[in-house]
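This report concerns only the one structure given below.
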């Protein structure tokens with residue numbers, strides 16, 4: 001069985017990877033974005049050590065305290081305080097945990113499901129393909145946010161439910177990519193050879209086909225991360241996301257809505273955090289796609 | 001024509017599947033609809049049982065689905081727990097506001113994205129192109145709810161140019177004819193009321209249309225660049241036809257094919273965005289009604305609205321597909 005996996009292909013693949021990485025490294029904007037993204041991840045992981053204040057500690061004496069550089073502000077509360085007197089800067093740092101955690105988990109789980117479903121549909125064909133493809137068509141019939149809102153409305157808010165509501169729909173996107181790639185790859189000679197050598201269907205799907213479709217689906221995964229983060233923020237904004245007092249950027253923007261007359265900073269800074277994170281993910285993932293997806297090689 | 005029929009037939013399983021999922025969303029929800037309906041009123045166990053059988057909740061799941069489907073086809077989505085009126089009635093009251101907002105958003109998106117995308121393609125690698133590219137990157141990265149709040153702070157609170165919320169000022173209200181205020185005010189010759197309605201719709205429509213604008217700018221730019229590389233454009237140039245004429249008479253016509261069909265597909269972002277934008281701007285449409293209904297656990301309404309949105313989306317995708325084929329004679333129907 002092991003005769004079909006060819007060690008000779010390993011080194012050209014590695015050098016292709018290195019060449020692609022070099023292409024990515026030349027894209028300065030993408031590299032800078034990746035660096036900022038890393039900064040967000042570090043911020044999320046080490047939030048308890050970085051945040052200057054306790055994100056949930058309320059202090060009514062600091063109700064709607066302005067940012068440090070404005071009259072009435074102080075440097076210990078850099079971006080000011082919300083209506084309960086909580087430090088906005090610290091809540092943004094903690095909020096990164098929710099955005100990045102949900103973004104990563106949803107995309108990771110959806111990608112694994114999508115790869116398996118796409119491989120099965122594309123390689124096994126027949127009723128398996130019909131079933132999976134129909135399900136994909138049906139799920140594509142829902143606008144994403146509507147689907148998620150509908151599910152959250154019925155399941156109720158909460159961290160696990162958001163992840164479920166998003167995964168239920170998200171897996172469709174990698175599944176379609178993998179199915180398409182698998183359909184193309186399954187006819188190639190080396191797969192034919194593996195079949196002739198008597199390799200099992202499972203072996204062919206996982207060991208022979210999957211490595212070839214992986215780069216396409218991983219590029220899609222990084223791009224999807226940005227959308228999933230906006231979706232989570234939108235659900236939290238509507239009050240259907242992570243529940244208070246846990247800091248989530250979307251719900252922080254919602255908190256500030258009532259105070260746009262007197263305290264612009266309450267909504268503005270968390271929104272800026274979402275924009276920055278989503279922007280750097282978009283730029284970095286475009287750079288990845290340009291470097292790693294052969295279809296974008298000129 | 002065969003392809004058209006084939007696509008039409010493919011709609012059936014998708015619509016059935018969509019309905020099944022929407023049905024299951026509610027049917028499998030923990031919590032008893034009868035208890036929610038009763039609320040804090042006193043009811044005997046017999047009355048409860050009667051209500052349960054009236055609602056068909058004592059039937060097996062497959063039968064309930066068939067009932068749901070049969071009723072839905074006739075526009076019957078049950079009674080809104082909260083309003084104590086038919087769901088379809090409550091929804092149809094709110095629908096014109098949402099449709100009007102979506103149409104204006106789409107119009108703004110098309111009117112911005114097409115010129116911008118064309119200009120970016122014609123002036124590739126210039127400052128115009130940069131602005132269009134960076135602009136559309138921001139457009140897809142901006143969370144709509146936040147962008148809306150920023151616009152409100154700037155134009156309504158700070159500059160006091162535009163109203164903070166609602167569809168029309170109290171003094172400008174007109175009797176409803178079509179339900180679309182921009183049309184109703186004009187029909188009745190109330191120009192100042194029309195301006196008032198326009199002022200109210202501007203910020204929500206811009207916010208709602210932003211992601212669509214961003215995506216359509218990109219699509220138009222790419223399509224235009226693609227077309228400008230074609231042989232027939234070079235041939236027209238060689239024939240000495242003016243560049244302007246080539247671009248607008250020949251290239252643009254073909255470049256708009258993908259733009260139009262992507263616009264139809266992207267109505268999905270408008271439908272989802274409605275809930276957010278209507279919430280931010282206090283727009284009295286269906287989206288806000290749904291969000292409010294979630295919090296009072298008015299499930300039949302949420303269910304009907306989700307189904308309505310999904311069916312609209314499926315049909316828009318179908319239209320996009322057909323438009324693409326009709327506009328592009330190289331793809332045979």
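What ranking of B:213, B:325 emerges when the number of other C-beta atoms within 10 Å of each C-beta is taken as an exposure proxy, fewest first?
Taking fewest neighbouring Cβ atoms as first place, the list is B:325, B:213.
Quick one: if you stick a label point 7 Å off each Cα along the C-beta vector at residue A:41 and residue B:59, how many nm between them?
Distance between label points: 5.3 nm.
What ranking do A:235, B:323, A:145 get, fewest neighbouring Cβ atoms within 10 angstrom at the top?
Lowest to highest Cβ neighbour count: B:323, A:145, A:235.
Using only Cα atoms, find the angle between the long axis of helix B:61-73 and the longest principal axis of chain B, and express it within 0 to 90 degrees, rounded to the nearest 10.
Taking Cα atoms only, the helix is inclined about 60 degrees.
If I stretch the segment between residue B:187 and residue B:51 completely, what's the gain in nm (0.36 nm per residue apart, minus their alpha carbon distance), one decimal?
Value of the extension gain: 44.3 nm.
Test of understanding: ordering B:158, B:83, A:203, B:200 by Cβ neighbours within 10 Å, fewest first, what list do you get?
Details: B:158 12, B:83 15, A:203 18, B:200 25.
The fewest-first ordering by Cβ neighbours comes to B:158, B:83, A:203, B:200.
Just from the alpha-carbon atoms, what are the Rg and Dmax of chain B in angstroms?
Expressed in Å, the Cα Rg and Dmax of chain B come to 24.1, 88.
How well do other chains shield peptide B:301-313, expressed as the mean number of their Cβ atoms within 10 Å of each residue Cβ?
Average neighbour count from other chains, rounded to a whole number: 4.
Taking only Cα atoms, what is the 0 to 90° angle, nearest 10, from helix B:2-27's long axis to the longest principal axis of chain B?
For helix B:2-27, the angle is close to 40 degrees.
Based on the inverse mean of 1/r over its pairs of different Cα atoms, what is the Kirkwood hydrodynamic radius of the protein assembly as shown, in Å?
This gives a value of 27.1 Å.
I'd like to know how region A:31-153 sits against the 2.2 N^0.38 Å rule of thumb: what's its Cα Rg over that expected value?
Here the answer is 1.61, to two decimals.
What do you get for the angle between helix A:159-170 and the principal long axis of chain A? Use alpha-carbon atoms, 0 to 90 degrees, nearest ten.
Long axis of A:159-170 versus the principal axis of chain A: about 40 degrees.
Fully extended, how many nm does the chain gain between residue B:138 and residue B:165 (0.36 nm per residue separation, minus their Cα-Cα distance)?
So the extension gain works out to 7.2 nm.
Bear in mind that the values in this text are calculations on the coordinates, not laboratory data. These figures come from a predicted structure and were not determined experimentally. Cβ sites come from the backbone with ideal geometry, for glycine too, and all protein chains shown count toward neighbours.
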